[in-house]
Amino acid sequence: MIAALVLLPALAIAGDAAAPMAKRQISSVAKDPRTGKLIRTVRVVDVPAAVAPKALKPVVTPLPVAAGNATIQDIVEAASARHGVDPDLVHSVIKAESNYNPNAVSPVGASGLMQLMPATARQLGVLNAFNPKDNIEGGVKYLRYLQDKFQDPVLALAAYNAGPGSVEKYNKTIPPYRETQDYVVKVAKNYRDAKKSKAVAPVPVAAAAAAVEAPKEPEAAKEPEVRKVRAYQDANGRMYLSTQ
């Protein structure tokens with residue numbers, strides 16, 4: 001468990017029931033034992049106004065999965081149509097990045113549904129990475145930029161994970177990083193499953209979970225194996241990804 005980051009100093013108070021109270025927010029970050037992601041939580045506490053700090057750093061409170069009357073599905077559909085990105089690909093990235101947890105925080109500071117790094121979020125104009133609408137809008141816009149830059153959906157996914165500089169460094173191929181190679185394969189599988197689910201009956205959750213291979217431990221003495229991912233389009237312009 002990662003130690004909580006508390007914005008409000010600990011106060012030892014011999015209580016005066018009549019003292020005016022003020023509300024203060026406490027933000028903490030802890031590791032989810034199931035997913036391994038860092039989760040930010042915010043709670044409100046009452047402290048005597050006389051001893052409460054007069055100025056605290058603003059706390060960004062994550063919004064719930066549904067932003068207003070718009071669900072994540074609605075937000076993805078709208079952002080995908082706006083930027084010309086396949087919504088199934090966006091869902092595949094969200095599933096791989098945060099498993100639909102809008103409050104997810106990675107060990108390196110990537111935040112929200114599409115795990116935007118702070119610098120990337122600022123470049124994309126995302127003010128609150130924990131806001132599902134803002135996060136998805138920024139993430140889809142970034143995917144569109146990467147697809148246009150590399151003209152290859154697979155390299156776009158690799159750049160989304162490792163950064164466009166890493167893809168360029170290795171002559172516009174998937175970088176030889178185990179994490180990035182596994183990420184591309186994982187998103188491709190999510191994408192393939194999303195397409196299949198629209199053509200056949202949904203696979204039960206238990207069966208789907210059993211079909212996912214457990215992650216393999218990297219071999220210290222060997223370079224990670226580059227697994228090939230092939231991208232192609234059908235006559236209707238729909239994109240497909242497959243692994244070899």
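If r is the Cβ-Cβ distance from ALA78 to LYS149 and R0 is 35 Å, what FRET efficiency results, to the nearest 0.05? Efficiency for this residue pair is about 0.90. Exposure proxy for THR180, THR71: other Cβ atoms within 10 Å of each Cβ, ordered fewest to most, give THR71, THR180.
Quick note: the coordinates plus some simple rules give every number you see, no bench work behind them. Owing to the predicted nature of the structure, the values given are computational and were not obtained by experimental measurement. Glycine gets a Cβ as well: all are built from the backbone with ideal geometry, and neighbour counts include every protein chain shown.
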